[in-house]
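For reference, the structure is listed below as structure tokens.
The values are calculated or read from the model by the stated rules, or taken from the named source; none is laboratory data. Just so it is clear, the structure is predicted and the values come from calculations on it, not from any experiment. Here the Cβ positions follow ideal geometry from the backbone for every residue, glycine too, while neighbour counts run over all protein chains shown.
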Amino acid sequence: MALIELERVSVRRPTAEGGLLVLDETSLELTEPRVALIGPNGAGKSTLARLVNGLVPASTGSVRVDGVDVARDGREVRRRVGFTFTDPRAQLVMPTVGEDVGLSLRRTHRDRDRRREAVRKVLTDHGLDGLEDRSVHALSGGQAQLLALAGVLAGNPDVLVADEPTTLLDLGNARLVADRLMDLPQQLLLVTHDLELAARCDRALLVVGGRVVADGPAGDVVDQYRSAA
Ligand SMILES: Nc1ncnc2c1ncn2[C@@H]1O[C@H](COP(=O)(O)OP(=O)(O)OP(=O)(O)O)[C@@H](O)[C@H]1O
Ligand SMILES: [Mg+2]
């Protein structure tokens, strides 16, 4: 597993009122295979998740993944850390399903025919068999979510950061994506409002008002959040 370190990190966002402390000074070491971030809307979960691959810059402190500083070497960190957005369509950039996965394989599979073969394997592995030539705009929400996940994982990251990956999905697809996430060989940092899913993780952080207010075994932290609600 990778080591994700936040050392005295805070995030301040400019606002019309002069600035909002979105994340109070936070220090963390995340090494567990599956870590959940839970808490109310606007608490700072996505902010915390986005710090890990530099989508959000830290205002103070430093973020490192396996010792590589996100502020200093963002490209290298992004090579190691895959990120999926809540809305998968935000990251499906190519016209067709096959081309979208092919983009992620460009570096590792330079030969076109080999790449095509690899694309087919990725699609099969993710339950997207036969959709290679389908327009990404013609996919259902669940298929799009699976494709986004497939595309990111095809890049073989060490860590996957997934921001509410099951929120838009129906029951069947939510189960499919959830099981897939729980089976990943990669380290997972999962932002979710699905507390049953969060409880399946190894560790959970409860974020409230820009602070990590509870941190421990996922089941315990989920219980704490439930009893406080
Ligand atoms: N670019 C920005 N500029 C100003 N404020 C921001 C910006 N991004 C986020 N915020 C504010 O930071 C706070 C935390 O936002 P964040 O998206 O991290 O919350 P969240 O815990 O992911 O919430 P949700 O469960 O609703 O997704 C919110 O008050 C939000 O309005
Ligand atoms: Mg969020």
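Per-structure values
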{"read-out": "Test: residue in segment 64-84 that is hydrophobic (A, V, I, L, M, F, W, C), away from ligand 1 (no atom under 11 Å from the Cβ) and in contact with a Cys (Cβ under 6 Å, 6 or more places away or on another chain)", "value": "no"}
{"read-out": "Residue that is farthest from the chain's Cα centre (by Cα) [pool: residues in segment 2-39 that are on the phi > 0 side of the Ramachandran plot and not charged (D, E, K, R)]", "value": "G18"}
{"read-out": "Residue that is surrounded by the fewest Cβ atoms within 10 Å (Cβ to Cβ) [pool: residues in segment 152-166 that are part of a loop (DSSP other than H, G, I, E, B) and within 13 Å of the chain's Cα centre (by Cα)]", "value": "D158"}
{"read-out": "Which listed residue, of L197, L160, L205, L188, is within 13 Å of ligand 1 (Cβ to nearest atom) and modelled with pLDDT of 95 or more", "value": "L205"}
{"read-out": "Tally of residues being out of contact with any helix residue (DSSP H, G or I) (no Cβ under 6 Å at 6 or more places or on another chain), aliphatic (A, V, I, L, M) and part of a helix (DSSP H, G or I) across segment 185-214", "value": "0"}
{"read-out": "Check on R203, touching a Gly at 6+ places or on another chain (Cβ under 9 Å), within 27 Å of G155 (Cα to Cα) and not aliphatic (A, V, I, L, M)", "value": "yes"}
{"read-out": "Index of the failed condition, E25 passing every other in (1) within 14 Å of ligand 1 (Cβ to nearest atom); (2) part of a strand (DSSP E or B)", "value": "(1)"}
{"read-out": "Test: E29 is out of contact with any Ser or Thr (no Cβ under 8 Å at 6 or more places or on another chain), modelled with pLDDT under 95 and of a type in the set (D, E)", "value": "no"}
